[in-house]
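Novice: Next up is a structure, given as structure tokens.
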Amino acid sequence: MLLISLITMTHIVSISDYEQRMEEELFFHTIERLMWRSITCEKVGEEVRGVDVDPEEEPVKWRLVRVQNQIRLKKEFGGELTYAHNVDTYQVRQDGRTLVFELNQRQRTVQCRNKGSS
């Protein structure tokens, strides 16, 4: 009986770890896509701010902020998306146009696109 309980608990933890890794990958993919579409991005205090130039819309200012254990994208004229849940560690460093995002011990380096690129 104890062995079955341990196997069940291990399976639950494994699924949770897998889900956490998948959410982190989705976060990084989403951040990379946002940066690719943004003509400006910069770290301002604890926030990352930028301007999204989706080809089908007018440029929109955005802010990426931590709210308790979540990372949220807030758009200039309303609208808010949660990019990550269950965040233990979140840090952003900036070096010129390069931003380094760290989320739960994993990190990714991204850059805003150039103003003239398409």
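The values are calculated or read from the model by the stated rules, or taken from the named source; none is laboratory data. It should be emphasised that the depicted structure is a prediction, and the values quoted were computed from it without experimental measurement. Glycine gets a Cβ as well: all are built from the backbone with ideal geometry, and neighbour counts include every protein chain shown. Remember, those area values only see protein heavy atoms, side chains included, never the ligands or the DNA or RNA. Shrake-Rupley method; radii C 1.70, N 1.55, O 1.52, S 1.80 Å.
Novice: Can you list residue pairs whose Cβ atoms sit under 6 Å apart, with the first residue in the stretch 64-78 being at negative phi and the second being basic (Lys, Arg)? Count only pairs 6 or more apart in sequence or on different chains.
Specialist: Qualifying pairs under 6 Å: VAL65/ARG72; LYS74/ARG63; GLU76/LYS61.
Novice: Continuing with the same structure: Could you figure out which of (1) open to solvent by 60 Å² or more (accessible area, probe 1.4 Å); (2) assigned to a strand (DSSP E or B) isn't true of LEU99?
Specialist: For LEU99, the exception is condition (1).
Novice: Same structure, new question: Tell me yes or no: at least one residue of the stretch 77-90 is open to solvent by less than 30 Å² (accessible area, probe 1.4 Å), of a type outside the set (Ser, Thr, Tyr), over 14 Å from LEU34 (Cβ atoms) and not in a loop (DSSP other than H, G, I, E, B).
Specialist: No; the residues of the stretch 77-90 include none that is open to solvent by less than 30 Å² (accessible area, probe 1.4 Å), of a type outside the set (Ser, Thr, Tyr), over 14 Å from LEU34 (Cβ atoms) and not in a loop (DSSP other than H, G, I, E, B).
Novice: Moving to a separate point now. Consider ARG66 against the criteria (1) of a type outside the set (A, V, I, L, M, F, W, C); (2) open to solvent by 60 Å² or more (accessible area, probe 1.4 Å); (3) in a loop (DSSP other than H, G, I, E, B): it satisfies all of them except one. Which criterion is unmet?
Specialist: (3)
Novice: Next question, about the same structure. Out of the stretch 32-47, which residues are touching a residue at least 12 places away in the same chain (Cβ under 8 Å) and under 17 Å from GLY96 (Cα atoms)?
Specialist: Scanning the stretch 32-47 gives GLU32, MET35, TRP36, SER38, ILE39, THR40, CYS41, GLU42, LYS43, GLU46, GLU47.
Novice: Let me ask something else. Within the stretch 38-58, restricting attention to residues that are modelled with pLDDT under 90 and surrounded by fewer than 15 Cβ atoms within 10 Å (Cβ to Cβ), which residue is nearest to ARG106 (Cα to Cα)?
Specialist: Restricting to residues being modelled with pLDDT under 90 and surrounded by fewer than 15 Cβ atoms within 10 Å (Cβ to Cβ), the top hit is ASP54.
Conditions (1) of a type in the set (A, V, I, L, M, F, W, C); (2) touching a Cys at 6+ places or on another chain (Cβ under 6 Å); (3) under 26 Å from GLU19 (Cβ atoms), marked per residue:
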position	(1), (2), (3)
VAL51	yes, no, no
PRO55	no, no, no
GLU58	no, no, no
VAL65	yes, no, yes
TYR83	no, no, yes
VAL92	yes, no, yes
ASP95	no, no, no
PHE101	yes, no, yes
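Novice: Can you give me the number of residues within the stretch 57-105 that are touching a strand residue (DSSP E or B) at 6+ places or on another chain (Cβ under 6 Å) and acidic (Asp, Glu)?
Specialist: Qualifying residue count, the stretch 57-105: 3.
Novice: If I filter the stretch 21-33 for residues that are of a type in the set (Phe, Trp, Tyr), outside any helix (DSSP H, G or I) and either within 28 Å of ARG93 (Cβ to Cβ) or at pLDDT 90 or above (or both), do I get at least one hit?
Specialist: Let us first name the residues in the stretch 21-33 that are of a type in the set (Phe, Trp, Tyr), namely 27-28.
When the remaining residues are screened for being outside any helix (DSSP H, G or I), the result is none.
Looking for residues that are of a type in the set (Phe, Trp, Tyr), outside any helix (DSSP H, G or I) and either within 28 Å of ARG93 (Cβ to Cβ) or at pLDDT 90 or above (or both), one finds none in the stretch 21-33, hence no.
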